[in-house]
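Comments concern the structure below.
The values are calculated or read from the model by the stated rules, or taken from the named source; none is laboratory data. None of these values were measured; they are calculated from a predicted model. Glycine also receives a Cβ, built like all others from the backbone with ideal geometry; neighbour counts cover every protein chain displayed.
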Amino acid sequence: MKYHIKEWPDHTASLIVEGGYALDTFENVLAAVDACYFDCIAEPEYIESHVNDLDPSPLDFESSFLSESTL
């Protein structure tokens, strides 16, 4: 059987079998990968990551310490 992981916008992740049936949803991708390895004794084919271009970047935090004269 083939498995893959889908990450949702709230950063939870579902372990999904080849027919599209979600076995379970986990608090994050790492927990879903662990479940695939240890419970299903398989490796996920791929991980479908949710990407949101509007999420804050670590650079946003760092740039808050720069003064306007250095920008």
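Go through Pro44, Pro56 for me and flag whichever is surrounded by 12 or more Cβ atoms within 10 Å (Cβ to Cβ), at pLDDT below 95 and not acidic (Asp, Glu).
That would be Pro44, the only listed residue that is surrounded by 12 or more Cβ atoms within 10 Å (Cβ to Cβ), at pLDDT below 95 and not acidic (Asp, Glu).
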Looking across segment 15-33 at residues that are small (Gly, Ala, Ser) and closer than 10 Å to Ile5 by Cα, the single one that is surrounded by the fewest Cβ atoms within 10 Å (Cβ to Cβ) is Ala22
When segment 29-51 is checked residue by residue, the ones that are free of Cβ contacts under 8 Å to residues at least 24 places away in the same chain and in contact with a strand residue (DSSP E or B) (Cβ under 6 Å, 6 or more places away or on another chain) are Ala35
